[in-house]
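Input: a single structure, listed below in structure tokens.
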Amino acid sequence: MAEGNQADYISGEVREYDYDRWLSALLMPTDSREDVIAVLAFNSEIARVRETVSEVLLGDIRLQWWRDAIAGLKTEKVLDHPVVKALGRANVRNSLDLDLLVQMIDARANDLDPAPFDTVEALISYAEGTGGLLSSQIYTLLGLNDDMGRAAALKMGTAFALTGIIRAIPYHVRQDLLLIPREILEAQGLTEETVFLSENRQAFFGAVSDLYSVCEKQYQEALVLCRSRPSEERSAFRLNALTGLYLKRIKSGGMDPASPKVAVGKVRKIWALWRG
């Protein structure tokens, strides 16, 4: 596949599986966009490991394949895979933080456990290791290099990931995955086995409300950090607009992730990201 065709293919994959971040990438400087989309494609690949394998062992093998692929980039042994090749080109141009990419893979190992989190702290750590580190890497791909700026990007990505976890609860149910921490369930008198029973509907909404509060706190902290950054860094923080929008919709939906009110149309997303 020619390099130009590979770029189109990768962009299409990100558009299909990570539409929100793909939209935000379109509003980033053109000289950084291809490399940003390459990292988004990598994130999409490792995020979908659980749904593309039939058992945990196969998921572990797949994640190890990606660790080996990243290790190969360190020695310029680029595997014959369109996303790995795109990462290789991005690494040549921008010196990716390859250790950070490995941390993102390690965080995705949690996805292979049907109920991985005992505490809120563990969930936040997972969100940092996935969406947070992803936003941090994108920040540097935009040619930005400031510790406080990276901290703002990390917090922004963490909040966005947590919001995505709330919105994805109906999908996770079909995948036999529960990311609501046990301590939140127990506070509502629920267990992994009883959380989705019809008679526990109000308690479930209470658990979602508790999870919402965790996300809202991360979002507000992200806003404080991002608003302190110079205007030339604006494109790195546009996802905050979608986090805030989704939180409003979740609240208006009565803490029901399956409510039609939670959905946001494409035009509304574009408008929110454009305004930043």
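The values are calculated or read from the model by the stated rules, or taken from the named source; none is laboratory data. Since this is a predicted model, take the numbers as computed values, not measurements. Because the Cβ atoms are built from the backbone with ideal geometry, glycine has one as well, and the counts that use them run over all protein chains shown.
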Task: Output for the range 24-43, where each listed residue is in contact with a helix residue (DSSP H, G or I) (Cβ under 7 Å, 6 or more places away or on another chain) and polar (S, T, N, Q) - done: Ser24, Ser32, Asn43
Task: Residue count for the range 168-180, restricted to those that are surrounded by fewer than 17 Cβ atoms within 10 Å (Cβ to Cβ), assigned to a helix (DSSP H, G or I) and in contact (Cβ under 8 Å) with a residue 60 or more places away in the chain - done: 1
Open item on the list: If the requirement is being assigned by TED's automatic domain parsing to the domain that holds Ser136, under 23 Å from Val120 (Cβ atoms), in contact (Cβ under 8 Å) with a residue 12 or more places away in the chain and not in a loop (DSSP other than H, G, I, E, B), which of these qualifies: Leu211, Leu273?
Closed with: Leu211
Open item on the list: Can you go through Ala258, Ala241, Ala263, Ala207 and tell me which one is surrounded by 20 or more Cβ atoms within 10 Å (Cβ to Cβ) and either under 20 Å from the mean Cα position of the chain (by Cα) or within 28 Å of Asn110 (Cα to Cα) (or both)?
Closed with: Ala207
TODO: Using the structure shown, decide if Lys74 is touching a residue at least 24 places away in the same chain (Cβ under 8 Å), on the phi < 0 side of the Ramachandran plot and exposed (fewer than 13 other Cβ atoms within 10 Å of the Cβ).
DONE: yes
- [ ] Tell me, please, whether a residue that is touching a helix residue (DSSP H, G or I) at 6+ places or on another chain (Cβ under 9 Å), under 24 Å from Cys226 (Cα atoms) and in the same structural domain as Gln6 (by TED's automatic domain parsing) can be found in the range 104-126.
- [x] yes
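Kindly indicate the residue of the range 48-62 that is surrounded by fewer than 19 Cβ atoms within 10 Å (Cβ to Cβ) and not charged (D, E, K, R) and also nearest to Leu100 (Cα to Cα) among those meeting that condition. Give the derivation first.
Of the range 48-62, the ones surrounded by fewer than 19 Cβ atoms within 10 Å (Cβ to Cβ) are 48, 51-58, 60-61.
Going one step further and asking which of them are not charged (D, E, K, R), we end up with 52-54, 56-58, 61.
On the way: Thr52: 23, Val53: 24, Ser54: 27, Val56: 23, Leu57: 24, Leu58: 23, Ile61: 20 Å.
The extreme case among them is Ile61.
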Task: Any pair with Cβ under 8 angstrom, 6 or more apart, that starts in the range 21-32 at a residue that is farther than 16 Å from Ala7 by Cα and ends at one that is of a type in the set (Phe, Trp, Tyr) and loosely packed, with under 14 Cβ neighbours inside 10 Å - done: Leu27/Trp274
- [ ] Could you run through the range 245-273 and say how many residues are over 18 Å from Asp18 (Cα atoms) and not charged (D, E, K, R)?
- [x] 10
Task: Verdict on Gln202 being within 19 Å of the chain's Cα centre (by Cα), at pLDDT 95 or above and outside any loop (DSSP other than H, G, I, E, B) - done: no
Open item on the list: Given the criteria surrounded by fewer than 23 Cβ atoms within 10 Å (Cβ to Cβ), hydroxyl-bearing (Ser, Thr, Tyr) and over 19 Å from Pro114 (Cβ atoms), does Thr163 qualify?
Closed with: no
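Output the number of residues of the range 181-191 satisfying the condition of being of a type in the set (Val, Ile, Thr) and free of Cβ contacts under 8 Å to residues at least 40 places away in the same chain.
1
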Open item on the list: Exactly one of these conditions fails for Ala41: (1) in contact (Cβ under 8 Å) with a residue 40 or more places away in the chain; (2) under 18 Å from Phe237 (Cα atoms). Give me its number.
Closed with: (2)
